[in-house]
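Asks: My questions will all concern the structure given below.
The values are calculated or read from the model by the stated rules, or taken from the named source; none is laboratory data. If you're wondering where the values come from, they're calculated on a predicted model, not measured in any experiment. We place every Cβ from the backbone using ideal geometry, glycine too, and count neighbours over all the protein chains shown. To get the accessible areas, we keep the full protein, side chains included, count just its heavy atoms, and leave off ligands, DNA and RNA. Shrake-Rupley method; radii C 1.70, N 1.55, O 1.52, S 1.80 Å.
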Amino acid sequence: MEFCWLTQLEKIGLLFSYSKPYLGLASVNVNKNFFSLVVPTDIIPLGISLYSLSAGETIKYNENNFIFSCALDKKIKYTKFSLGFGLKLLWNSYDIGVDDPIIKDKKSNFALGLNIGLLITTEKFFNKKISIGLSSDLNEPNIGLSQEDLVKRKMLLGISLRSNIIKDVESIFATSFLFYKNNFLWLIGSEFTIRKHFSFRCGYNYSDFNLGFGYKIGTKFLKNMCIDYSYSIPLTISGSNGSHSFSLNISFDKKLNFKRK
């Protein structure tokens, strides 16, 4: 499911995102950056993503992920089946400024992760569009230095319902279940888009309550450019002003065609 959404896109897209988790929390300095390029083609859609996280001041930790993804799809009447694949290169590094026995000989590590997902979408479910997806990690990459530190395998099951309950308002209701380390997490969220331009979102999980909004702008060259902001209220951590995220999503009115004339 994580990469299956590539088959839902028909235009070249760029996504830039910056997040500041737990703003105002003493001794916590975390920054997240994300960049993604999606290129639909007449063969298969392709995606390239870069994710980086930096944390700490005295002890510095950096996490970088390079992700390559692709997907295949098959439509049978009113139902589309999509199968997505992801290849992740994980690179973590540490710098504490002094000698440490754990990172004395090795201050960074590379690992490779694999992911697969399935998405089923139908447009004839009581005249509503419903999607059911399942994704899972195929391995547990070792990102440890002198000791083994495995990224535990995760499995995600999700379902969403898209409808127009109110005129000029498109509604999406979604819920998902995350399984990892013998734990189970439940997430729920919704989005309302008014006249295809203004969006309002809200969501909940065990540790955060999330709010967000976005505004879509259209120009002659950039048919769709969306500016988003989201705010997460921590429910299990005190002394924080919450987590803030800004993103810019740009879609170009173009699709690559590799077919010979």
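Asks: Just to be sure, is ASN257 surrounded by 13 or more Cβ atoms within 10 Å (Cβ to Cβ), at pLDDT below 95 and not small (Gly, Ala, Ser)?
Replies: So ASN257 fails the test.
Asks: Of all residues in region 24-54, which are aliphatic (A, V, I, L, M) and either surrounded by fewer than 16 Cβ atoms within 10 Å (Cβ to Cβ) or closer than 23 Å to SER82 by Cα (or both)?
Replies: Correct list: ALA26, VAL28, LEU37, VAL38, VAL39, ILE43, ILE44, LEU46, ILE48, LEU50.
Asks: Of all residues in region 169-186 being touching a residue at least 24 places away in the same chain (Cβ under 8 Å) and open to solvent by less than 60 Å² (accessible area, probe 1.4 Å), which is nearest to GLU140 (Cα to Cα)? Walk me through how you get there before you give the answer.
Replies: Just the residues of region 169-186 that are touching a residue at least 24 places away in the same chain (Cβ under 8 Å), to begin with: 169-170, 178-181.
Then drop every residue that is not open to solvent by less than 60 Å² (accessible area, probe 1.4 Å), which leaves 169, 178, 180.
On the way: VAL169: 42, LEU178: 16, TYR180: 11 Å.
My answer is TYR180.
Asks: Moving on. For region 227-248, does any single residue satisfy the condition of being under 28 Å from LYS154 (Cα atoms), assigned to a strand (DSSP E or B) and open to solvent by 80 Å² or more (accessible area, probe 1.4 Å)?
Replies: Yes, region 227-248 contains a residue that is under 28 Å from LYS154 (Cα atoms), assigned to a strand (DSSP E or B) and open to solvent by 80 Å² or more (accessible area, probe 1.4 Å).
Asks: Being surrounded by fewer than 16 Cβ atoms within 10 Å (Cβ to Cβ) and more than 20 Å from the chain's Cα centre (by Cα) is the filter; apply it to region 107-121 and report the residue that is modelled with the highest pLDDT.
Replies: Top of the filtered list is PHE110.
Asks: Sticking with this structure for a sec: When you scan region 196-213, how many residues do you find that are open to solvent by 70 Å² or more (accessible area, probe 1.4 Å) and at pLDDT below 85? Lay out the reasoning, then the answer.
Replies: Residues of region 196-213 that are open to solvent by 70 Å² or more (accessible area, probe 1.4 Å), as a first pass: 196-198, 200, 204, 206, 209, 213.
Within this subset, residues satisfying the condition of being at pLDDT below 85 are 196, 206.
Qualifying residue count, region 196-213: 2.
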